[in-house]
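Below is one structure, written out as C-alpha cells, with a few remarks after it.
Where a number appears in this text, it was derived from the coordinates with a stated rule and is not lab data. These numbers were taken from a predicted model, which means no experiment stands behind them. Here the Cβ positions follow ideal geometry from the backbone for every residue, glycine too, while neighbour counts run over all protein chains shown.
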Amino acid sequence: MALAFHRLLTSTLRKRTPQNLHTFPLQVQAVSTFHFYHRRFSGPPQPQPPESPASPLQRPRTRTPLETQFETWIHKLKPGFAPADVEAALRAQPDADLALDIFRWTALQRGYKHTDTTYLTMIKLLIYAKRYRHAETLVEEVIAGACPMSVPLYNTIIRFCCGRKFLFNRAFDVYKKMLKSDDCKPTLETFALLFNSLLRRFNRQNVCYVYLHGVRSLTKQMKALGIIPDTLVLNMIIKAYSKCLDVDGAIRVFREMGLYGCKPNEYTYSYIFKGLCEKGRVTQGFGMFKEMREKGLVPKGSAYMILICSLAMEQRLEDAVDVVSDMLRNSMAPDLLTYKTVLEELCRGGRSNDAFELLEEWKKRDLSMGQKNYRILLNTLHFKKQE
C-alpha cells in the first residue's frame, strides 16, 4: 500500500500546473507527515541526538573556609591515629562546630573509638562556645556508656548539669552513678558542685526546708566516703542551716571545723550571726560578731545591716551605734532603712537630740549618703519629735 501511494504522488507531481502549485506545500506536508509516522511505527527506533547544555561552562562550587579547614585537619590525621592525636586536633580548633565535625568523623573510622579524654575535651569546647544542645547530646552519650568513665569527666558533666536549670535532677543521676562505680567515686569537687547547686534554690523560706534534707544527706555520704571537707564546703553547709534558721546545726558544723583542720573565715561568722539575729538570738549573734572582729575579720555589708537593725529593735542602741561606726570605718555604709531604724528607735527612747547629732556625724563620715537621703532622715526625725 505504501508503494502504490508513493507512485500516485510521483505521477501527480510530474504534472505541475499553476493551479496545483498552490497545493504543493500541503502535499509536501502530507509526505513529510507520512514518512514521520512510517518511521515511527514501521521502522526501528532512531536514537535521539543529545541536547545541548544550557550553559557551556559549568563553574565548580567554591568551598567555604570551614570545609577547607576540615579537609586540612583530616589529611593531617594519619592512618591509625590515636585518641591523643584526636584530642590535639580538637584543642587546635578555634571553632567548636569544626571541632565537632572532626569529632564525629573520627568516630566513624574503622578501628577507632573515643575515650574519656576526647569526650571531655569536646564537651568543654562546646560549653565554652555555648553550644549547649550539642553538649547535652554528648553528655547523654557518655551516660549511656559511649566511652569509659573518669572522675574529671563525671565532674565536668555534673558542673554542666548544675549550671542548667532544667538539668538539676540529671546532675544527681550522674552523682548516683559515681556512687555505684568502683573506680570513679565522688570527690570533694563533686560535693562542692552539688552543695552549690542546692544553695541556689534556697531563695524562699518554705523551699529551704525541702532542700535542707538534701544537704544533710550529702553531708552524711561525704563523711561515709571518708572525704575531708575544706572551708568552702563547710561554709556552704553552714549557710544552708542558717538560711533555714537551724542555727544549732550551723553552730555544730562550726565547732567541727577544727577537727578537719579548717579555720573559719568572714563568711563563716557572717552566716552564723545573721542566722542568730533572724532567729531572735541577738545577744548570741552579737557575741559571734565581736569574736570575729577580735580576729580581724570584717563581715559583708548585708551582715552588718542585719546586726544593726536587730540590735536597734532590741533597744541595744549603744551597741547598734558602735556597729554603725565600725561599718563606716571599714569603708562601708548602711542603707537608708538601717539609718532610719536606728534613728527612730533613738527617738522612741526619748533621745531625739542624740539622734540629730548622730545624723550630722554620719552625714560627714558617709559621703554616699547624698542630700536626698539626708533630707528624708531629717524629716523623719522632725516628725518623730513632734509626736
> Using 7 Å Cα-to-Cβ label points, what is the Asp326/Thr283 separation (nm, one decimal)?
Replying inline: 1.8
> Stretched out fully, how many nm does the piece from Lys220 to Arg91 gain, at 0.36 nm a residue minus the Cα gap?
Replying inline: 42.5 nm
> How far is it, in nm, from the label point at Tyr128 to the one at Arg348 when both lie 7 Å from their Cα along the line to the Cβ?
Replying inline: 5.7
> Can you give the extra length, in nm with one decimal, that the chain gains between Arg365 and Asn379 once fully stretched, where that is 0.36 nm per residue apart less the Cα-Cα distance?
Replying inline: 3.1 nm
>> Rg/Rh for the stretch 111-165 to two decimals, with Rh computed the Kirkwood way over all alpha-carbon pairs.
In response: 0.94
> What residues from the stretch 139-162 fall in the zone where the backbone N is under 20 Å from a label point 7 Å along the Cα-to-C-beta line of Asp183?
Replying inline: 142-157
>> So if I take the centroid of the Cα atoms in the stretch 121-152 and the same for the stretch 164-215, what is the distance between those two points in Å?
In response: 19
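With the Cα gyration tensor of the stretch 91-217 in hand, convert its eigenvalues to equivalent ellipsoid semi-axes via √(5λ) and list them largest first in whole Å.
Values: eigenvalues 184, 57, 22 Å².
Three semi-axes, in Å: 30, 17, 10.
Past 21 Å, Cα to Cα, is the threshold; run Lys263/Lys300; Lys263/Lys295; Lys165/Lys223; Lys176/Lys220; Lys290/Lys364; Lys78/Lys113 against it and keep the listed order.
Pairs exceeding 21 Å: Lys165/Lys223; Lys290/Lys364.
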> Taking a 25 Å limit on the Cα-Cα distance, which of the listed pairs Lys363/Lys385; Lys363/Lys384; Lys130/Lys239; Lys185/Lys243 fall beyond it?
Replying inline: Lys130/Lys239; Lys185/Lys243
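What FRET efficiency comes out for the pair Leu337/Lys300, r = Cβ-Cβ distance, R0 = 22 Å, nearest 0.05?
0.85
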> Using the C-alpha gyration tensor of the stretch 162-205, what are the square roots of 5 times its eigenvalues, in whole angstrom, with the largest one first?
Replying inline: 22, 11, 7
> Can you tell which of Val174, Cys162, Leu193 lies farthest toward the positive end of the dipole of the stretch 154-194, using +1 and -1 charges on the Cβ of basic and acidic side chains (Lys, Arg; Asp, Glu)?
Replying inline: Cys162
> Across bins of 5 angstrom width beginning at 0, how are the C-alpha pair distances of the stretch 272-376 distributed, in whole percent?
Replying inline: 2, 13, 25, 25, 18, 11, 5, 0
>> Can you compute the FRET efficiency between Asn169 and Asn265 using 1/(1 + (r/R0)^6), with r the Cβ-Cβ distance and R0 = 30 Å? Round to the nearest 0.05.
In response: 0.40
